[in-house]
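Step one of this worksheet: look at the structure below.
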Amino acid sequence: ICDIQGKICFEPHIPRLAGLAVERRAIPNALIERYNLHDRIVKRKEGADEEIHFLFRAKKALLPVWIGNELEILEWGNRDNKLSKLPHTGWARIESIEKGLWQHLRPEEVEIPAAFGLEKGVWFQINEGMKGILVRDEKKLPHVYMLTQQASHYYEVMTRHNREPVFIGESI
């Protein structure tokens, strides 16, 4: 399916990395307060460090994003605003970026920190994070889309998904 301009293709309702976890200590208290992230703080098991979960299915889909040297919390894609011209997904294929299909949105590359990823019920460790793009909607509000690529054989076997995030400094 493509957006109304027929330029950006994606598969709706097929999540690619449905969520991620960031170590609680990596998110400043000011951001936790500003974005009311308290209900996203969890412990995976007794004795484990606290994590903050960012899930695409959350009431408000958010992602932590490094923009230069500043950590921000931004809206994850465009899940709910059907009036917006932004693609109605949370992911962008790296192949589409490379072909210039997002060029009209002036994407800026950003880094998405993560300690763990969640795909089809499987949690897995992430060492450095993932790549994303930041674009702005008609009101100039920022949205971040997670970049995806063809999955490695290991990732596909582990998660039963043929797309994986573009990881920073590693491949799974």
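Is at least one residue of the range 18-36 at pLDDT 95 or above, hydroxyl-bearing (Ser, Thr, Tyr) and either surrounded by fewer than 12 Cβ atoms within 10 Å (Cβ to Cβ) or not in a helix (DSSP H, G or I) (or both)?
Yes; the residues of the range 18-36 include at least one that is at pLDDT 95 or above, hydroxyl-bearing (Ser, Thr, Tyr) and either surrounded by fewer than 12 Cβ atoms within 10 Å (Cβ to Cβ) or not in a helix (DSSP H, G or I) (or both).
I'd like to check something: does the range 37-47 contain any residue that is within 30 Å of Gln103 (Cβ to Cβ), of a type in the set (D, E, K, R) and modelled with pLDDT under 95? Reasoning before the result, please.
Here is the first cut: in the range 37-47, the ones within 30 Å of Gln103 (Cβ to Cβ) are none.
Scanning the range 37-47, I find no residue that is within 30 Å of Gln103 (Cβ to Cβ), of a type in the set (D, E, K, R) and modelled with pLDDT under 95, so the answer is no.
Of all residues in the range 126-153 being free of Cβ contacts under 8 Å to residues at least 24 places away in the same chain and more than 19 Å from Ile97 (Cα to Cα), which is least open to solvent (accessible area, probe 1.4 Å)?
First, pick out the residues of the range 126-153 that are free of Cβ contacts under 8 Å to residues at least 24 places away in the same chain: 139-140, 150-153.
Filter again for more than 19 Å from Ile97 (Cα to Cα), leaving 139-140, 152-153.
Details: Lys139: 159, Lys140: 143, Ser152: 35, His153: 147 Å².
Once the filter is applied, the top-ranked residue is Ser152.
Answer yes or no as to whether Glu70 is surrounded by 16 or more Cβ atoms within 10 Å (Cβ to Cβ) and either of a type in the set (Gly, Ala, Ser) or under 29 Å from Ala30 (Cα atoms) (or both). First the steps, then the outcome.
Working: surrounded by 16 or more Cβ atoms within 10 Å (Cβ to Cβ): no; either of a type in the set (Gly, Ala, Ser) or under 29 Å from Ala30 (Cα atoms) (or both): yes.
No: the conditions fail for Glu70.
Quick one: in the range 73-93, which of the residues that are open to solvent by 30 Å² or more (accessible area, probe 1.4 Å) and under 13 Å from the mean Cα position of the chain (by Cα) is nearest to Arg24 (Cα to Cα)? Lay out the reasoning, then the answer.
Going residue by residue through the range 73-93, those that are open to solvent by 30 Å² or more (accessible area, probe 1.4 Å) are 75, 79-83, 85, 88, 93.
Okay, now just the ones that are also under 13 Å from the mean Cα position of the chain (by Cα), so 75, 79, 93.
On the way: Glu75: 19, Arg79: 25, Arg93: 29 Å.
Among those residues, the one meeting the criterion is Glu75.
Hey, any hits in the range 40-52 for a residue that's farther than 29 Å from Met158 by Cα and surrounded by fewer than 16 Cβ atoms within 10 Å (Cβ to Cβ)? Write out each step before concluding.
Within the range 40-52, the first condition is being farther than 29 Å from Met158 by Cα, and the residues that meet it are none.
No, the conditions are met nowhere in the range 40-52.
Filter the range 142-160 for residues that are more than 17 Å from Glu95 (Cα to Cα) and modelled with pLDDT under 95 and give the result.
If the condition is that a residue be more than 17 Å from Glu95 (Cα to Cα) and modelled with pLDDT under 95, then His153, Tyr154, Tyr155, Glu156, Val157, Met158, Thr159, Arg160 are the ones that fit.
Let's see how each residue does on (1) β-branched (Val, Ile, Thr); (2) at positive phi; (3) touching a Gly at 6+ places or on another chain (Cβ under 9 Å):
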residue	(1), (2), (3)
Ile97	yes, no, no
Met130	no, no, yes
Asp137	no, no, no
Lys140	no, yes, no
Met146	no, no, yes
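The values are calculated or read from the model by the stated rules, or taken from the named source; none is laboratory data. None of these values were measured; they are calculated from a predicted model. Glycine also receives a Cβ, built like all others from the backbone with ideal geometry; neighbour counts cover every protein chain displayed. Note: areas computed on protein heavy atoms with side chains; ligands, DNA, RNA excluded. Shrake-Rupley method; radii C 1.70, N 1.55, O 1.52, S 1.80 Å.
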